[in-house]
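Below is one structure; the comments refer to it alone.
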Amino acid sequence: MESSILESIGVEIIGVMSPVSICMFLVVLLVYALSPANPFSTPSSPPIRTAANLVYLENPSDSTAQKLEGALLNALVFVVIIAVVTFVLVALYYFKFTNFLKNYTRFSAFFVLATMGGSIFLSIIQHFSIPVDAITCFLLLFNFTVVGVLSVFSGGIPIILRQFYMVSLGIIVAAWFTKLPEWTTWIVLVALAVYDLVAVLAPGGPLKLLVELASSRDEELPALVYEARPVAPPQNGGSHRTNMGLLAAGFSQPGSVEMQSVSGNSGWRNDVDGSRDTLGNDEGGSSRDGREEISPLVSNARQRRSSSSDSPEYSAVNVSTPNRVGHFGDRDSQIEETSPLVEAVHAGNQREQAAMEDDDADDNLGLNRGIRLGLGDFIFYSVLVGRAAMYDLMTVYACYLAIVSGLGCTLILLSVCRRALPALPISIALGVMFYFLTRLLMEPFVVGISTNLLMF
Amino acid sequence: MTVVAGIGYVLIALGPSLSLFVSVISKKPFLILTVLSSTLLWLISLIVMSGLWRAFLPLSSSSWWPYSLLIITSVGFQEGLRLFFWRIYRKLEDILDAFADRMSKPRLFLTDKMQIALAGGLGHGVAHAVFFCLSLLTPAFGPATFYIERCSKMPFFLVSALIALSFVTIHTFSMVIAFNGYSEGNKVDQVFVPVVHLVAGLVTLVNFAHEGCLVGIPLLYLMALLILLHCGKMAWRRLTENRGRLESSQ
């Protein structure tokens, strides 16, 4: 039985959604595990001061107006800092300080994994009273960090490891952000969503500039981005090609769900930056091809070759394949009338052509780099869910669903627009809306019903 | 130990759906998306209902008739939603078929359609279990348990997990029956599903009586069993018919 179409639709969407889900899930677990005896900010210790609450430190006793005003100021300062730093990074990239950016990002990754990750590990060890001595712990942490830094920025490392470290970076930073006070968190999230919208879509927005710059230089986006590529090269190009038409998917143009800057602790920044120079040397020989195929120049050449129209690559291939098959069919029927011998020859010929066709499909695959999602999106989705986890499981689930559906909407838009899109606005808007709806409307309803053992 | 108990309650409520998810759904990305979207739809319906009823809450827990009104309106709304879901699914099916033609792949098989219906139902069921049972389970992981007066034989968490399991089953398979009924134009199935849903909802009213849960839960499982049997019979009939048609066409 031929494989049904269901198996091939939406592979890319799931490829992006599953790491996001994993990241959110782990952040929620972390928040749950550590919140009863929160070792970072026990009630006695002063609340931490980060770039996100430089101006105002929330106090439970403050009035609502005070909290709102302070949170707004915090968010404003935070967004301004992020915008300034992003502009600086774009300027650095513009003047081709690529190596500096690369090393700076390495340093940030090291810093995040070692210090922030380290303190989270320490608190986990304390909380669960895991018997580990200091030297072992240090060695483990050091190894974890070094492998992380290597995997994020150099080739020759399995993509799965890279993805793992991307997700863990997201988890670590998000776990720190959940320690912001409540009002500030919500306002900062909304402000960031708006900023993301402006920075990616408005003319002159820093992230838009960055994307355009990177694509005009035929370079990879210099940023920490999660790349949802298949871990193993798919066996048949055919099924992979299928994914692209329907339900969002690969693109030959530099399209990515846009990344978002991230600010770390106390003014120190681990913004998306640096250069992502690896594009999977992990798939052995084929990866070479993959890398070559990526430059738009090559893609243009092929486009001209395969079809004269300027339609996107995938449709060009789709159109050309059935034609060729039809052609085979014709020739087949002609040759059958002649002699079996010729037919054998033709079969060889056909195989050759089929191989060529496969080649085409492979090329197409190389172009289809998969969807890329900025690390910042991971972080702020998780921050939202982590903040929801401090209230109730119900809000967590509602926020998760809202964020994932927002992400799905963004991906579908992506397949329509075929350009870099901000991933935060739709998801954050839906997430915040569902959080408050759930908290204000649904919770009393559901609790009231189900404590009476009524369900429907 | 308490963590173990909490996990046990979760698995009672969601274990069967989890295995269904792993064995059938998770292999096909499209079905995962269906589950997610139907869960979202159910969540939205719940929010709308709670928005409508918010003004009247909290209901006094002594009289049962406002609750019956609540259940009837909610079930009615959700059945309307099922029709809406069916409309969307019909459009989707056309799109998928057209897409399959374009990719020169086979159109949706009967099993594919049933799986989509199953995924939609699973989404509804999982959403139900999560919001009505799982969200209240957080204290179960703590160092105590909780009994309510009306059902003093079992911990509250166990009762709600059991009820949630029966509703997950009802939701999951009634979607398959309903979709099949709509596509065949079978009036009996179209009526059967809302009726069973409504009856199951009303059966939970038995829990208002003292120790009523000892009667209510078996009744609920009877409904779940009814749905399961009906769904199994229908799926068997469709599949054998389909196979017969395939063989005769060859």
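Between B:Arg107 and A:His127, what FRET efficiency follows from the Cβ-Cβ distance if R0 is 45 Å, with the result rounded to 0.05?
After rounding, the FRET efficiency stands at 0.25.
May I ask for the angle, rounded to the nearest 10°, between helix B:65-102 and the longest principal axis of chain B, with both axes built from Cα atoms and the value confined to 0 to 90°?
Here the helix axis deviates by roughly 20 degrees.
Leaving out ligands, DNA and RNA, what percent of the accessible area of the range A:95-155 is carbon and sulfur, probe 1.4 Å?
About 76 percent, which is the carbon plus sulfur part of the accessible surface.
Hey, what do the phi angles of the range B:42-48 turn into as Karplus ³J(HN,Hα) couplings, whole Hz, using 6.51/-1.76/1.60 and θ = phi - 60°, x for Gly and Pro?
Values per residue, Gly and Pro as x: 5, 4, 4, 4, 5, 5, 4 Hz.
What are the lysines whose alpha-carbon lies under 23 Å from the alpha-carbon of B:Lys105, with same-chain residues fewer than 8 places away excluded?
B:Lys27, B:Lys28, B:Lys91, B:Lys113
Restricting the calculation to Cα positions, tell me the Rg (one decimal) and the Dmax (whole number) of the range A:378-423 in Å.
Both quantities, over Cα of the range A:378-423: 12.6, 38 Å.
Remind me, what semi-axes does the range B:1-148 give for its equivalent ellipsoid, largest first in whole Å, using sqrt of 5 times each Cα gyration tensor eigenvalue?
So the three semi-axes of the range B:1-148 are 35, 23, 10 Å.
Given R₀ = 22 Å, what would the calculated FRET efficiency be for B:Thr73 paired with B:Leu226, taking r from the Cβ atoms and rounding to 0.05?
Working from the Cβ atoms, E equals 0.40.
If R₀ is 56 angstrom, what is the calculated FRET efficiency for the pair A:Leu76 and A:Cys137, using the beta carbon separation as r and rounding to 0.05?
Here the calculated transfer efficiency is 0.90.
May I ask for log10 I(q)/I(0) of the range A:106-203 at q = 0.12, 0.13, 0.17 Å⁻¹, from a Debye sum over the Cα atoms as equal point scatterers with solvent left out?
With one equal scatterer per Cα and no solvent, log10 I(q)/I(0) is -0.54, -0.62, -0.91.
Could you list the trypsin sites (Lys or Arg not before Pro) in the range B:38-117 that lie in coil according to DSSP, counting only those with at most 15 other Cβ atoms within 10 Å of their Cβ?
Passing both the DSSP loop test and the Cβ count: B:Arg107.
Taking the Cα atoms of chain B alone, what are Rg (to one decimal) and Dmax (as a whole number) in Å?
Answer for chain B, Rg first and Dmax second: 19.6, 65 Å.
For the range B:117-134, just list the computed ³J(HN,Hα) in residue order, Karplus coefficients 6.51, -1.76 and 1.60, θ = phi - 60°, integers in Hz, with x standing in for Gly and Pro.
Once rounded to whole Hz, the list reads 4, 4, 5, x, x, 4, x, 4, x, 5, 4, 4, 4, 5, 7, 8, 10, 4.
Could you tell me how many degrees, from 0 to 90 and to the nearest 10, lie between the Cα long axis of helix B:2-20 and the main elongation axis, the longest principal axis, of the Cα atoms of chain B?
In chain B, helix B:2-20 runs at an angle near 20 degrees to the longest axis.
By a straight-distance test (C-alpha under 28 Å), which lysines pair with A:Lys179 as possible cross-link partners, with residues fewer than eight away in the same chain excluded?
A:Lys67
Can you list residues from other chains, or at least 5 along the same chain, whose modelled amide H is less than 5 Å from the amide H of A:Tyr226?
Distant-sequence amide H within range of A:Tyr226: A:Leu373, A:Gly374, A:Leu375.
Taking Cα atoms, how many degrees apart are the long axis of helix B:187-203 and the longest axis of chain B, rounded to 10 and kept between 0 and 90?
20 degrees
Provide the descending list of Cα extents for the range B:207-250 along its principal axes, expressed in whole angstroms.
62, 10, 5
Lone cysteines in chain B, going by a 4.7 Å Cβ-Cβ cut-off?
Taking the Cβ cut-off of 4.7 Å, the unpaired cysteines of chain B are B:Cys133, B:Cys231.
Which ³J(HN,Hα) values, rounded to whole Hz and listed in residue order, are derived for the range B:171-179 from phi using the Karplus coefficients 6.51, -1.76 and 1.60 in 6.51 cos²θ - 1.76 cosθ + 1.60 with θ = phi - 60°, glycine and proline given as x?
4, 4, 8, 5, 5, 4, 4, 5, 5
Report the Rg/Rh value for the range B:93-231, based on alpha-carbon coordinates and the Kirkwood definition of Rh.
That ratio equals 1.11.
Along the Cα→Cβ direction, 7 angstrom out, place labels at A:Val147 and A:Thr451. What is the inter-label distance in nm?
So the label points at A:Val147 and A:Thr451 sit 4.8 nm apart.
Along Cα→Cβ, 7 Å out, is where each label goes; now give me the distance between the ones at B:Arg243 and A:Phe164 in nm to one decimal.
4.4 nm
When the distances between all Cα atoms of the range A:158-209 are binned every 5 Å from zero, what whole-number percent does each bin get?
5, 18, 13, 15, 18, 20, 10, 2, 0
How big is the range B:25-76 in terms of Cα radius of gyration and Dmax, in angstroms?
Considering the range B:25-76 through its Cα atoms, Rg and Dmax are 15.9, 48 Å.
Return the distance in nm (one decimal) between the two label points of a simple spin-label model at A:Leu68 and B:Val199, each offset 7 Å from Cα along Cα→Cβ.
5.2 nm
The values are calculated or read from the model by the stated rules, or taken from the named source; none is laboratory data. Keep in mind the model is a prediction, meaning the values are calculated, not measured. Positions of Cβ are generated from backbone atoms using ideal geometry, with glycine treated the same way; all protein chains shown enter the neighbour counts. Remember, those area values only see protein heavy atoms, side chains included, never the ligands or the DNA or RNA. Shrake-Rupley method; radii C 1.70, N 1.55, O 1.52, S 1.80 Å.
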